[in-house]
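**Student:** Attaching a single structure in structure tokens format; questions to follow.
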């Protein structure tokens, strides 16, 4: 777990990477703690006026957390295929959220037992099968008021699969947890 101070550093790191990628502003010189050298999964979510503006991340711990935050912030701003790149004029209106992830673990229960084993508000989900996958962060189910079955359905949909695909033994469902740090209009 990151401390509150490390969460503030994570937000500042993401903001610096975003502003550098979009407006070529200098990257801030931050004194990062050792946790930022540990390999961790992370997602950076951008919103504008409460609406999603970009969300990209690395679900698995493939690079040090500091690098992963910078990578995800830049990608969320410039490479999310659902949105045009963030413009320089938008920067003052963009809010950031950094979600630091635990390692995803497969649900080992029977498919029919999956809804009972999903803890809404605590778990994020990954659904994999038929050559595709989809991920939804833990906060998504809470934001939309979904129960565990609806959360599973929407994760299947995110993967491009049928809503009830999680009931199949041929589909893998994994859970993970996320520690969320938020910024509102440039303040942590």
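The values are calculated or read from the model by the stated rules, or taken from the named source; none is laboratory data. All figures in this text were calculated on a predicted structure; none of them were measured in a lab. All Cβ positions, even for glycine, are placed from backbone atoms using ideal geometry, and neighbour counts span all protein chains on display.
**Student:** Could you tell me which numbered condition residue 144 fails, if it satisfies all but one of (1) under 19 Å from residue 178 (Cα atoms); (2) more than 14 Å from the chain's Cα centre (by Cα); (3) in contact (Cβ under 8 Å) with a residue 12 or more places away in the chain?
**Tutor:** Here residue 144 meets the rest and fails (3).
**Student:** Sticking with this one: Condition test on residue 105, is it surrounded by fewer than 17 Cβ atoms within 10 Å (Cβ to Cβ), under 30 Å from residue 169 (Cα atoms), free of Cβ contacts under 8 Å to residues at least 40 places away in the same chain and within 18 Å of the chain's Cα centre (by Cα)?
**Tutor:** No.
**Student:** What is the residue count in segment 75-94 for residues that are within 14 Å of the chain's Cα centre (by Cα) and surrounded by fewer than 21 Cβ atoms within 10 Å (Cβ to Cβ)?
**Tutor:** Quick first cut of segment 75-94, residues within 14 Å of the chain's Cα centre (by Cα) only: 75-77, 80.
From what is left, the residues that are surrounded by fewer than 21 Cβ atoms within 10 Å (Cβ to Cβ) are 75, 80.
Here the count works out to 2.
**Student:** Here is a follow-up. Note down all Cβ pairs under 6 Å where the first residue falls in segment 70-88 and is under 10 Å from residue 46 (Cβ atoms) and in the same structural domain as residue 9 (by TED's automatic domain parsing), the second is at pLDDT 95 or above and assigned to a helix (DSSP H, G or I), and they're at least six residues apart or on different chains.
**Tutor:** 73/14; 73/17; 73/18; 77/18; 77/21; 77/22; 86/22; 86/77
**Student:** Quick check on my filter: what residues within segment 39-87 are part of a loop (DSSP other than H, G, I, E, B) and in contact with a helix residue (DSSP H, G or I) (Cβ under 6 Å, 6 or more places away or on another chain)?
**Tutor:** 40, 85, 86
**Student:** I'm checking my understanding of the structure. Among residues of segment 122-141 that are over 14 Å from the mean Cα position of the chain (by Cα) and not in a strand (DSSP E or B), which one is surrounded by the most Cβ atoms within 10 Å (Cβ to Cβ)?
**Tutor:** Top of the filtered list is 130.
**Student:** Do you know which of the residues in segment 20-35 that are surrounded by fewer than 20 Cβ atoms within 10 Å (Cβ to Cβ) and assigned to a helix (DSSP H, G or I) is nearest to the chain's Cα centre (by Cα)?
**Tutor:** So the residue we want is 35.
**Student:** Residues that are in a loop (DSSP other than H, G, I, E, B), within 20 Å of the chain's Cα centre (by Cα) and surrounded by 17 or more Cβ atoms within 10 Å (Cβ to Cβ): does segment 147-158 have at least one?
**Tutor:** Within segment 147-158, not a single residue is in a loop (DSSP other than H, G, I, E, B), within 20 Å of the chain's Cα centre (by Cα) and surrounded by 17 or more Cβ atoms within 10 Å (Cβ to Cβ).
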